[in-house]
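Contents: one structure, followed by commentary.
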Amino acid sequence: MKKFLSILLCCTFALTISACGGSGNDTTEKKDEKVEEKQPTDLTGTWVSEASDGTYQEAVIKDGKIEINWVNDEEKTKSLYWIGSCDAPTSYVEEYSWTSKGDIEKMKSSLLASSDKTKDFKYSNDVLSYEASAFGTTKTVEMKRK
C-alpha cells in the first residue's frame, strides 16, 4: 500500500510540475512578441475629386508641395487652381489638417487659380478635403487617392 501511495504522489507531483511549466512558456512567448509600429501617414501621390459636367480637380502631393489643377478630360486641358506648401504628418494619424501657403507668383498667371494666400486642408477617412471657390461659389471638395 505504501508503494502504491508513493507512486500516486510521484505522479501527482509530476503532473503539477508539468502544468506549471506550460504557463511559464506562454508568458515567455508573449514577452517575445514585437509590437508593430505604424509608419507616418503618407499623403504623397495623386488625389482626384468626383467629376461634374466633365471636369474635376486633381491634386498631386510630393516633395512638401501640393498642386491642384482643374481637369477637363473632354477638352484634354488642365488649369492651375492651387500650388502651395504641404506639411506632411510626422507620425501615424487617421485625421490631419494643415494650412498651405500659396505660391502667389505661380498662381497669378492662371485665370482659374485661387486668389487666397493660404488654404486649409483636412485628411480624414482616406479623404482629402478643402474649400474651393470659383465664380462666386464656394464648395467643399473631397478627393480620394488615385
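The values are calculated or read from the model by the stated rules, or taken from the named source; none is laboratory data. Please read all numbers here as calculations on a predicted model, not as lab measurements. We place every Cβ from the backbone using ideal geometry, glycine too, and count neighbours over all the protein chains shown. What goes into the accessible areas is simple: the full protein's heavy atoms, side chains included, and nothing from ligands, DNA or RNA. Shrake-Rupley method; radii C 1.70, N 1.55, O 1.52, S 1.80 Å.
Checked against the criteria, Lys146 counts as at pLDDT below 95, under 22 Å from the mean Cα position of the chain (by Cα) and open to solvent by 30 Å² or more (accessible area, probe 1.4 Å). For the stretch 51-67, a residue qualifies if it is modelled with pLDDT of 95 or more, outside any strand (DSSP E or B) and surrounded by 10 or more Cβ atoms within 10 Å (Cβ to Cβ), and exactly one does: Gly64. Do the conditions hold for Thr46, that is, is it modelled with pLDDT of 95 or more and surrounded by 10 or more Cβ atoms within 10 Å (Cβ to Cβ)? When the stated conditions are applied, Thr46 passes them. Selection of the stretch 87-106 for residues being of a type outside the set (A, V, I, L, M), touching a strand residue (DSSP E or B) at 6+ places or on another chain (Cβ under 9 Å) and assigned to a loop (DSSP other than H, G, I, E, B) yields Asp87, Pro89, Glu94, Asp103. Whenever a residue of the stretch 87-106 is closer than 21 Å to Ala132 by Cα and open to solvent by 100 Å² or more (accessible area, probe 1.4 Å), it has no partner that is β-branched (Val, Ile, Thr) and not in a strand (DSSP E or B) lying with C-beta atoms less than 7 angstrom away and at least six residues away or across chains.
So which residues in the stretch 107-134 are assigned to a loop (DSSP other than H, G, I, E, B) and either within 15 Å of Cys86 (Cα to Cα) or open to solvent by less than 60 Å² (accessible area, probe 1.4 Å) (or both), if there are any at all? Talk me through it step by step, then tell me what you get.
Looking only at the stretch 107-134, we keep the residues that are assigned to a loop (DSSP other than H, G, I, E, B), and these are 108-117, 125-126.
If the condition is that a residue be assigned to a loop (DSSP other than H, G, I, E, B) and either within 15 Å of Cys86 (Cα to Cα) or open to solvent by less than 60 Å² (accessible area, probe 1.4 Å) (or both), then Ser110, Ala113, Ser114, Lys117 are the ones that fit.
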